[in-house]
Amino acid sequence: MQKKLNKIAIDTNLFLRSFIKKQKKSELIIPMQYGLFSGGKKIRSKILIDIGSLFNLKYRSLIIIGSAVECIHAYSLIHDDLPCMDNDLIRRGKPSTHIKFGESTAVLAGNSLLTMAFEILSHRELNISEKTKINLINKISVSSGHLGIAGGQYLDLSFEHKKISKKRIIEMEIKKTGKLFSFCCVAPLILKNRSKKEIQKFENIGADIGLLFQVADDLIDYKGSSSAAGKKTGKDKKKGKATLISLLGYKNTIKYANKLILKINNKLKKYGSKSKNLSKTLEYILNRNK
């Protein structure tokens, strides 16, 4: 698993470095690169490639689309760490972007990474039809804005120190994390021009994978070490974050996560051994940093 993740990370970073190198230089390039190339396991790209392999898609196209996803993910982390949001000083074992470069620069670097994702998806290097590009851009836009990452972060902040129902916590976690995973799951079907019904099915699978990822992240924060996580742990409880752990308890949350894996695998049964890579990725998501 680690070998495959490393290959995807190397190939994604190679594309991104090449893409940035071809652009005109600006003062924001250095903080953008700092936030973008700060490590990270590229799990979203791995999910994209796992789903893409079910439909025999070209690896190169998936790496380019994954690069756009990583830009959006990096932007969201830079903004999440800001003092007006989660106020995190450490990200992936080093100072957060706003600590290194200042608050205003971090905001602008995050904004620039968000828009660079759309540049990548509309670029000629992604050798697909213009109509398909528009469909991808539309889907990733919805995943990133008020119905996705931004909306989820808003709910996350507004739920602090409040008693929140399980349904609302799940809604928040799917927006905050699940929507970008949903994009990773439906992008291959958009490339293949599959039906709306099938796209919706994979959108739901992606939401469950994103929820699994967020639950695993919450478990790491609850019991994991800061050195393994690459960021300060134990902060969710301190900030009164609404999580499934705060509602269900640690052991019941682990049970919930295992049920999620079972649910996702059941939905992928029809693909037989082709879905083995994805099943392994799901186990890795839950057990990482333990």
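Bear in mind these aren't lab numbers, they're just calculated from the coordinates by the rules spelled out. The shown structure was predicted, so the numbers you read here are calculated from the model rather than taken from an experiment. Glycine also receives a Cβ, built like all others from the backbone with ideal geometry; neighbour counts cover every protein chain displayed.
Ordering His161, His123, His146 by the number of other Cβ atoms within 10 Å of each residue's own Cβ, fewest first, gives His161, His146, His123. Ordering of 237-247, 75-85 by packing is 75-85, 237-247, highest average first (other Cβ atoms within 10 Å, averaged per residue). Around Phe55, with a cut-off of 10 angstrom between Cβ atoms, what is the net charge of the other residues, counting Lys and Arg +1 and Asp and Glu -1? Summing Lys/Arg as +1 and Asp/Glu as -1 gives +3.
Using R0 = 45 Å, the C-beta based FRET efficiency linking Lys267 and Ile90 works out to 0.80.
Remark: the Lys251-Glu125 segment gains 40.7 nm on full extension, using 0.36 nm per residue and subtracting the alpha carbon distance. Summary of the geometry: the stretch 53-106 and the stretch 256-284, compared by the centres of their Cα atoms, lie 26 Å apart. For the chain, modelled as a GNM with alpha-carbon contacts under 10 angstrom, which of Ser279, Ser26, Ser122 fluctuates the most? Between Ser279, Ser26, Ser122, it is Ser26 that shows the largest mean-square fluctuation.
Quote to one decimal, in nm, the extra length available between Ser165 and Leu14 on full extension: 0.36 nm per residue of separation minus the C-alpha distance between them.
Separation in residues times 0.36 nm, less the Cα-Cα distance, equals 50.0 nm.
Converting phi to 3J(HN,Hα) with the Karplus coefficients 6.51, -1.76 and 1.60 and the offset θ = phi - 60°, the stretch 130-147 yields 4, 4, 5, 4, 4, 5, 5, 5, 4, 5, 6, 5, 4, 5, 9, x, 5, 8 Hz in sequence order, with x at every glycine or proline. Other residues with beta-carbon under 14 Å from the beta-carbon of Ala106 carry, at +1 per Lys or Arg and -1 per Asp or Glu, a net charge of -3.
Taking amide H positions as modeled 1.01 Å from N, with prolines and chain starts lacking one, the residues under 5 Å from Arg91 and 5 or more places away or on another chain are Ser96.
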